[in-house]
Amino acid sequence: MGTILSTLADGVAQTIGITLAAFAVAAVLGLPLAVLRRSGHWLVRLPAVVVVEVLRAVPPIVWLFLIYFSLGSTDNLQLTTFQAAVIGLGLIYAAHLSEAYRAGLDAVPAGQWEATRALALPRTQAYVRVILPQALIVVIPPMATFAIALLKDSAIASVIGATDITFQAVQLTQQDLNGLGNFTVAGLLYIALGIPFAVVARGADRVLSRRLVGA
Amino acid sequence: MTPESKPLLTLDGVCVAYRHQEVVHDVSLDVAAGEVVALIGPSGAGKSSLLRAINFLEPPSKGRILLEGVEVGGSRRTLDALRRDVGMVFQSFNLFPHLTALQNVMLAPEHTLGLPREQARERAMRQLTHVGLAERADAKPGKCSGGQQQRIAIARALAMEPKVMLFDEPTSALDPELGAEVLATMRTLAGEGMTMVVVTHEMHFAEDVADRVVFMADGHVVEENSAGKLMRDPQHPRTQRFLNAVRGR
């Protein structure tokens with residue numbers, strides 16, 4: 001158990017790195033996708049819809065192969081396995097998060113938009129000062145769910161050779177043939193890594209709801 | 001309106017349509033500076049739609065809105081200029097729940113008008129004081145009574161130093177006691193010479209505070225007159241029926 005743990009621990013940093021970096025990419029890119037999808041004009045809406053649907057329709061593992069073995073292997077663009085995983089998972093989760101953002105934006109009452117329009121607030125200010133803070137509260141719980149899903153999906157990166165927990169478990173098993181022990185420990189590590197996300201999400205949820213209501 | 005005074009706000013043949021259903025038909029109205037106009041009438045008469053057309057929350061499907069003789073709403077720029085000059089108070093307050101009263105009021109002066117933060121804060125404090133809520137400056141709307149929330153909303157609109165204030169049934173969401181404090185604030189404003197267009201079911205307010213009352217039904221202006229005349233001696237049978245009904249309650 002001790003040796004399994006110490007071997008798999010080598011992959012923990014990679015797993016956390018891929019998860020956090022991909023989540024950061026997704027959190028940032030998801031927002032414009034959500035905003036574009038809510039546009040009143042179909043010409044603006046359509047490209048965003050297509051991007052989101054295509055990103056979600058293709059299996060993550062296919063995206064990673066596509067990015068790593070095609071785009072990432074051209075002469076002027078050499079991606080590391082880490083970079084390819086972050087880009088691929090980041091884009092896929094941007095599509096997922098954009099749906100969560102969209103639900104959050106939809107949850108802000110129409111009267112809030114009207115008030116910003118009646119006050120002639122510039123659109124960016126309306127989003128930043130009024131709409132997003134209220135949408136965020138709705139979005140935090142699904143965001144946490146997606147973060148944990150992303151943590152688990154990061155295991156896919158092992159197939160293109162990213163040296164994460166799953167990669168280490170596969171390597172170790174090829175040496176010692178102890179699949180049960182190695183992958184049980186791997187599973188426990190994923191559970192352990194997921195706990196902070198849940199805790200952070202609950203804390204953020206509490207703080208934000210208090211900010212919304214409390215004086 | 002006296003004949004020699006130039007209208008501050010002009011509605012010229014304004015229609016409002018939702019999808020293809022027209023709910024306001026060809027309304028023309030002049031509002032003089034300092035005048036208080038009450039829009040009354042049964043629910044569904046198109047009063048709120050007409051009011052919301054004035055600042056293009058519902059863009060008019062036909063007709064023109066002129067502020068000080070200048071047509072507005074053709075472009076985003078003239079629309080923003082219009083909205084800076086036209087304050088709006090909503091039935092459901094529409095305060096920003098995550099911001100304090102003071103932050104609600106200073107938001108537009110700071111970010112629409114671009115005032116330095118300190119100046120926006122001073123202006124906001126002045127308006128909160130004006131509506132009697134200086135001591136609630138740091139409270140979130142959720143901690144304030146409905147009447148206080150609506151007065152904060154009034155302060156928020158006033159902080160833009162508008163030329164006209166629009167009120168969309170400002171007391172309908174409030175019980176009578178809380179409504180009274182909002183009406184008192186509006187009365188003060190009217191006394192200070194603010195130009196106001198008020199959609200209301202408060203007949204006493206229309207009679208006592210408004211200079212002119214416009215009665216609407218089925219999307220049309222049925223009758224308009226000075227408040228005293230229309231409220232005491234309505235000419236049109238539809239107006240008489242409405243006033244009898246609301247007074248009979």
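The values are calculated or read from the model by the stated rules, or taken from the named source; none is laboratory data. These numbers were taken from a predicted model, which means no experiment stands behind them. Note: ideal-geometry Cβ built from the backbone for every residue, glycine included; neighbour counts use all protein chains shown. Quick note on the areas: whole protein, heavy atoms, side chains included, nothing else; ligands and nucleic acids left out. Shrake-Rupley method; radii C 1.70, N 1.55, O 1.52, S 1.80 Å.
Taking A:LEU89 as the residue in question, decide whether it is in contact with a Pro (Cβ under 7 Å, 6 or more places away or on another chain), in a helix (DSSP H, G or I), more than 14 Å from chain B (Cβ to nearest Cβ) and open to solvent by less than 10 Å² (accessible area, probe 1.4 Å).
Yes; evaluated as a whole, the condition is true for this residue.
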Screening B:PRO170, B:PRO162 for residues that are of a type outside the set (Phe, Trp, Tyr), open to solvent by less than 10 Å² (accessible area, probe 1.4 Å) and assigned to a loop (DSSP other than H, G, I, E, B) leaves only B:PRO170
Somewhere in segment B:146-153, is a residue away from chain A (no Cβ under 13 Å), over 20 Å from B:MET194 (Cβ atoms) and touching a Leu at 6+ places or on another chain (Cβ under 8 Å)?
-> yes
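Residue-wise test of (1) modelled with pLDDT of 95 or more; (2) surrounded by fewer than 20 Cβ atoms within 10 Å (Cβ to Cβ).
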| position | (1), (2) |
| --- | --- |
| A:GLY2 | no, yes |
| A:ILE18 | yes, no |
| A:ALA24 | yes, yes |
| A:ALA34 | no, no |
Taking segment A:183-196 and keeping residues in contact with a helix residue (DSSP H, G or I) (Cβ under 6 Å, 6 or more places away or on another chain) and open to solvent by 50 Å² or more (accessible area, probe 1.4 Å) leaves A:PHE183
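Matching residues to (1) under 24 Å from the mean Cα position of the chain (by Cα); (2) of a type in the set (S, T, N, Q); (3) in a loop (DSSP other than H, G, I, E, B); (4) closer than 30 Å to B:PRO162 by Cα:
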{"residue": "A:TYR101", "(1), (2), (3), (4)": "yes, no, no, no"}
{"residue": "A:GLY104", "(1), (2), (3), (4)": "yes, no, no, no"}
{"residue": "A:GLU114", "(1), (2), (3), (4)": "no, no, no, yes"}
{"residue": "A:LEU151", "(1), (2), (3), (4)": "yes, no, no, no"}
{"residue": "A:ILE156", "(1), (2), (3), (4)": "yes, no, no, no"}
{"residue": "A:THR173", "(1), (2), (3), (4)": "no, yes, no, no"}
{"residue": "A:GLY181", "(1), (2), (3), (4)": "no, no, no, no"}
{"residue": "A:GLY187", "(1), (2), (3), (4)": "yes, no, no, no"}
Of B:GLY69, B:GLY44, B:GLY74, B:GLY87, the only residue that is closer than 30 Å to B:ARG247 by Cβ and either at pLDDT below 95 or facing chain A (nearest Cβ under 9 Å) (or both) is B:GLY44
Restricting to segment A:98-136, what's the tally of residues that are away from chain B (no Cβ under 11 Å), open to solvent by 50 Å² or more (accessible area, probe 1.4 Å) and not aliphatic (A, V, I, L, M)?
-> 2
Flagged in segment A:150-180 as open to solvent by less than 30 Å² (accessible area, probe 1.4 Å) and without any contact (Cβ under 8 Å) to a residue 24 or more places away in the chain, in numbering order, are A:SER158, A:THR173, A:GLY179
Checked against (1) in contact with a His (Cβ under 9 Å, 6 or more places away or on another chain); (2) within 13 Å of chain A (Cβ to nearest Cβ); (3) within 22 Å of B:GLU58 (Cα to Cα), B:SER172 satisfies every condition except (2)
Could you please find all residues in segment B:207-247 being free of Cβ contacts under 8 Å to residues at least 60 places away in the same chain, in a loop (DSSP other than H, G, I, E, B) and of a type outside the set (Asp, Glu)?
-> B:PRO234, B:GLN235, B:HIS236
For B:LEU99, which of the numbered conditions (1) closer than 30 Å to A:VAL207 by Cα; (2) open to solvent by 20 Å² or more (accessible area, probe 1.4 Å); (3) in contact with a helix residue (DSSP H, G or I) (Cβ under 6 Å, 6 or more places away or on another chain) fails to hold?
-> (3)
For B:LEU178, state whether it is in a helix (DSSP H, G or I), farther than 25 Å from B:LEU50 by Cα and away from chain A (no Cβ under 12 Å).
-> yes
Tell me which residues, restricted to segment B:108-135, are within 12 Å of chain A (Cβ to nearest Cβ), in contact with a Leu (Cβ under 7 Å, 6 or more places away or on another chain) and in a helix (DSSP H, G or I).
-> B:ALA108, B:PRO109, B:HIS111
Only one of these conditions is not met by A:PRO142: (1) within 22 Å of B:ALA155 (Cβ to Cβ); (2) at pLDDT below 90. Which number is it?
-> (1)
Would you check if there is a residue in segment B:106-116 being touching a Lys or Arg at 6+ places or on another chain (Cβ under 9 Å) and acidic (Asp, Glu)?
-> yes
Does segment A:63-78 contain any residue that is touching a residue at least 24 places away in the same chain (Cβ under 8 Å), open to solvent by 50 Å² or more (accessible area, probe 1.4 Å) and within 16 Å of the chain's Cα centre (by Cα)?
-> no
Complete set of residues in segment A:142-195 that are within 15 Å of A:ALA85 (Cα to Cα) and acidic (Asp, Glu) = A:ASP153, A:ASP164
In the set B:SER43, B:SER61, which member is open to solvent by 70 Å² or more (accessible area, probe 1.4 Å) and of a type in the set (Gly, Ala, Ser)?
-> B:SER43
Test: B:ALA180 is touching a residue at least 60 places away in the same chain (Cβ under 8 Å) and small (Gly, Ala, Ser) = no
